[in-house]
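The structure appears below as structure tokens.
The values are calculated or read from the model by the stated rules, or taken from the named source; none is laboratory data. Here the structure is a predicted model, which means the values were calculated and not measured. All Cβ positions, even for glycine, are placed from backbone atoms using ideal geometry, and neighbour counts span all protein chains on display.
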Amino acid sequence: MIIKKTKYDFSKLIFIHFAVQKHMYFNNAICENYGTFYMSDNIEDSSWNYFVPENAYLTLRNFDKIYKNLITNKSKASCICLPNYLIDYKYIKELLQEEKYKYKYESKESWLIYDNKKTLRQAKKDNITIKLLNNSKLMKDYLNVFADAYGGEKTELSPYGGLSKEYINSLDEAYKYDNNLAFILYYNNKPVSVASLCLHGGYGGIYGVGTKQADRGQGFSKYLMIYLINYYNSHYDKYLFLQTETDSLVERFYKHLGFKKLFEMEMYVKENFNEQQQ
Amino acid sequence: MNNNNNFFDNFALQRKMYFNVCRITNYGEYYFSTLIKDSDWNYFIPYTKEALLDNLDSIEKEFKKNNRTISFAIPSYIDDNEKILKALKQKGCLFGNKEQWLECSKKPNKKEMKYTVVKTEAELDLFKYILIRTYSSSTSKIQPYGNLNEEYLKKIENLKINQNQTNLIYFFNNSPVSACTICFDGDLSAIYNVAILPKYQDTDLGYNAVLGAIKECFKSKCNKILIQVPRGSFFNEWLLKNGFIDLFYLTFCAKKK
């Protein structure tokens with residue numbers, strides 16, 4: 001169930017998603033009156049190089065321009081994300097599948113927010129410590145857990161599957177900035193879980209939540225998420241947001257914690273894009 | 001890093017007005033406008049002196065790619081600010097204006113002010129008239145922005161009533177005197193397009209539109225109001241007397257075409 005549009009400005013939320021990650025994954029934004037191109041110099045894939053329409057009819061009218069812009073950038077995936085809050089987005093969907101453009105549906109992402117100000121009760125667990133990443137030793141621990149958590153095959157518990165080296169390299173730079181906070185959970189002095197909180201203008205984006213494959217199923221991610229929510233609520237007064245694969249186990253996990261779904265975004269990627277480049 | 005956030009905030013607030021392209025790198029930030037070609041809206045802000053000098057080729061390439069003349073905005077808080085400017089001068093870059101960034105977090109005391117928030121098409125037409133009349137006239141001590149080119153004026157003609165922007169008109173004795181725009185984004189706001197009709201440019205009466213804008217910002221629960229003005233100008237002095245504080249300034253520097 002998607003909650004109705006009320007006080008939340010959806011397109012602004014996508015822009016904040018860019019803003020909080022401008023030193024991590026994204027680094028280019030081109031805002032037009034029909035929509036915004038979000039691109040990354042560091043990561044080539046469609047998750048970090050796409051166009052999001054803001055107005056369906058203006059997008060339809062300017063589609064050749066948009067298409068040309070995406071295709072010209074040959075080294076990046078040509079991807080269009082269609083948020084379902086957009087009125088008449090189905091017309092763009094039809095256009096994308098036309099012979100001339102040949103975009104193929106790839107995946108669907110849910111955008112969730114957490115705007116409850118109540119402090120969540122933390123379960124009692126012994127031998128757990130949570131540290132904020134602030135030196136190179138901790139960075140090593142962080143990357144170690146992150147690479148393990150996101151390095152495996154695509155599974156139900158890990159819907160994003162194996163991430164490329166580009167991701168891990170771009171993280172190295174990211175935590176030099178004050179607005180990117182990374183947390184590491186240690187169990188018996190061993191790093192097992194990680195999560196990041198990226199801030200812009202008081203809004204908080206949660207990214208990179210993961211637990212080492214061998215340590216899953218013991219509630220470490222939940223413990224870390226509750227810690228992160230309480231940390232955010234004690235320092236900031238807007239809301240937290242995150243994105244995850246629609247209908248995945250992970251989405252259910254976040255909903256169970258109290259996150260609400262705002263909207264869904266369908267990703268369309270140009271068919272045979274890689275072959276065309278060669 | 002907080003000062004860098006100011007630049008990005010300024011971009012975010014204006015992404016539907018003047019700026020619309022932003023590119024963040026590990027050596028600095030590019031801000032471009034596809035709408036206005038001049039160096040006031042197309043520039044590179046370096047993080048450090050080394051970051052700038054080591055990456056001059058990439059910066060030049062990026063400007064070429066975007067079909068713009070290479071232009072820099074050097075923040076006053078960067079170490080070796082003077083050395084950077086000297087190095088750029090040697091590379092044939094000419095100095096432009098200095099832009100002071102100020103912030104306000106205090107409500108103005110002045111009570112009796114008559115200003116209108118633009119809500120109707122007729123009010124919007126009056127607002128556009130004030131801006132176009134002011135910006136196409138010559139500059140004065142009170143109104144440092146004038147003689148603007150057609151690109152700006154065209155942009156003003158296309159202004160629409162927008163939920164993220166509030167336009168104000170200030171009246172004195174029932175006659176319109178001045179206007180300005182406030183852009184909102186959560187608890188942050190910024191004041192742009194301050195325009196005082198030439199007839200009123202011999203007094204600082206027109207700046208009351210700015211006081212009206214500050215009042216509107218506080219009504220919307222903004223706790224930070226940004227404004228940029230020419231450094232050392234009469235307007236700069238006036239803002240300092242009316243609750244604003246200096247943050248830093250940018251020195252613009254562009255290569256001759």
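Considering only residues that are within 14 Å of chain A (Cβ to nearest Cβ) and either under 16 Å from the mean Cα position of the chain (by Cα) or without any contact (Cβ under 8 Å) to a residue 40 or more places away in the chain (or both), which ones fall in segment B:151-163? Passing the criteria: B:K155, B:N158, B:L159, B:K160, B:Q163. Of the residues making up segment B:36-46, those that are surrounded by 17 or more Cβ atoms within 10 Å (Cβ to Cβ) and over 13 Å from the mean Cα position of the chain (by Cα) are B:I36, B:D38, B:Y43, B:F44, B:I45, B:P46. Across segment A:204-216, a minimum of one residue is classified as of a type in the set (G, A, S) and in a helix (DSSP H, G or I).
Scanning segment B:47-80 for residues that are more than 24 Å from the chain's Cα centre (by Cα) and either among the basic types (K, R) or assigned by TED's automatic domain parsing to the domain that holds B:K154 (or both) yields B:K49, B:K61, B:K64, B:K65. How many residues does segment B:169-181 hold that are assigned to a strand (DSSP E or B) and over 16 Å from the mean Cα position of the chain (by Cα)? Number satisfying all stated conditions: 8.
Condition check ((1) within 24 Å of the chain's Cα centre (by Cα); (2) more than 13 Å from B:L56 (Cα to Cα)) across all residues:
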residue	(1), (2)
B:E82	yes, yes
B:K86	no, yes
B:K91	no, no
B:Q100	yes, yes
B:K110	no, yes
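Restricted to segment B:87-133, and to residues that are of a type in the set (S, T, Y) and touching a helix residue (DSSP H, G or I) at 6+ places or on another chain (Cβ under 7 Å), which residue is surrounded by the most Cβ atoms within 10 Å (Cβ to Cβ)? Out of the qualifying residues, it is B:Y115. From the list A:V269, A:V194, A:V209, A:V250, the lone residue that is farther than 30 Å from B:L226 by Cβ and in the same structural domain as A:L95 (by TED's automatic domain parsing) is A:V269. Could you identify the single residue in A:D9, A:D88 that is charged (D, E, K, R) and either under 19 Å from A:L242 (Cα atoms) or out of contact with any helix residue (DSSP H, G or I) (no Cβ under 8 Å at 6 or more places or on another chain) (or both)? The match here is A:D9. Among the residues making up segment A:176-216, those that are in contact with a helix residue (DSSP H, G or I) (Cβ under 7 Å, 6 or more places away or on another chain) and aromatic (F, W, Y) are A:F183, A:Y187, A:Y203. Residues in segment A:160-187 that are part of a loop (DSSP other than H, G, I, E, B), surrounded by 14 or more Cβ atoms within 10 Å (Cβ to Cβ) and within 14 Å of chain B (Cβ to nearest Cβ) were compared, and the one that is modelled with the highest pLDDT is A:N179. Out of A:E109, A:E94, A:E98, one residue alone is modelled with pLDDT of 90 or more, touching a Ser or Thr at 6+ places or on another chain (Cβ under 8 Å) and either assigned by TED's automatic domain parsing to the domain that holds A:P191 or of a type outside the set (K, R) (or both). It is A:E109.
Within segment B:6-18, the set of residues being more than 19 Å from B:K155 (Cα to Cα), more than 10 Å from every other protein chain (Cβ to nearest Cβ) and either aliphatic (A, V, I, L, M) or touching a Gly at 6+ places or on another chain (Cβ under 9 Å) (or both) is empty.
Which residues, counting only those in segment A:217-242, are in a loop (DSSP other than H, G, I, E, B) and touching a helix residue (DSSP H, G or I) at 6+ places or on another chain (Cβ under 7 Å)? Across segment A:217-242, there are no qualifying residues. Is it the case, given these coordinates, that B:L168 is closer than 19 Å to B:L205 by Cβ and out of contact with any Lys or Arg (no Cβ under 7 Å at 6 or more places or on another chain)? Considered against the rule, which asks whether it is closer than 19 Å to B:L205 by Cβ and out of contact with any Lys or Arg (no Cβ under 7 Å at 6 or more places or on another chain), B:L168 comes out as yes.
Scanning segment B:11-27 for residues that are among the aromatic types (F, W, Y) and under 11 Å from the mean Cα position of the chain (by Cα) gives B:F11, B:Y18, B:F19. Please verify whether B:T166 is in contact (Cβ under 8 Å) with a residue 12 or more places away in the chain, assigned to a strand (DSSP E or B), more than 22 Å from B:T251 (Cβ to Cβ) and in contact with a strand residue (DSSP E or B) (Cβ under 9 Å, 6 or more places away or on another chain), treating the condition exactly as stated. When the stated conditions are applied, B:T166 passes them. Of all residues in segment A:241-256, those being among the hydrophobic types (A, V, I, L, M, F, W, C) and crowded, with 17+ Cβ neighbours inside 10 Å number 3. Quick check on segment A:65-84. Is at least one of its residues over 24 Å from the mean Cα position of the chain (by Cα), modelled with pLDDT under 90 and at positive phi? No, that holds for no residue. Please determine whether any residue of segment B:56-67 is in contact with a Lys or Arg (Cβ under 6 Å, 6 or more places away or on another chain) and either among the aromatic types (F, W, Y) or without any contact (Cβ under 8 Å) to a residue 40 or more places away in the chain (or both). No, because not a single residue in segment B:56-67 is in contact with a Lys or Arg (Cβ under 6 Å, 6 or more places away or on another chain) and either among the aromatic types (F, W, Y) or without any contact (Cβ under 8 Å) to a residue 40 or more places away in the chain (or both). Return the total of residues in segment A:204-240 being farther than 19 Å from A:T129 by Cα and either within 18 Å of the chain's Cα centre (by Cα) or crowded, with 20+ Cβ neighbours inside 10 Å (or both). Final tally of qualifying residues: 6.
Condition check for B:I84 on (1) assigned to a helix (DSSP H, G or I); (2) under 30 Å from B:L197 (Cα atoms): one failure, at (2). When segment B:19-29 is filtered for residues that are more than 7 Å from chain A (Cβ to nearest Cβ) and surrounded by 20 or more Cβ atoms within 10 Å (Cβ to Cβ), the ones remaining, listed by number, are B:F19, B:G28, B:E29. Of the residues A:K74, A:K93, the single one that is over 27 Å from A:Y207 (Cα atoms) and either crowded, with 20+ Cβ neighbours inside 10 Å or out of contact with any helix residue (DSSP H, G or I) (no Cβ under 7 Å at 6 or more places or on another chain) (or both) is A:K93.
Could you list, in sequence order, all residues of segment B:182-222 that are part of a loop (DSSP other than H, G, I, E, B), surrounded by fewer than 18 Cβ atoms within 10 Å (Cβ to Cβ) and either within 14 Å of chain A (Cβ to nearest Cβ) or modelled with pLDDT of 90 or more (or both)? Within segment B:182-222, B:D187, B:S220, B:K221 qualify.
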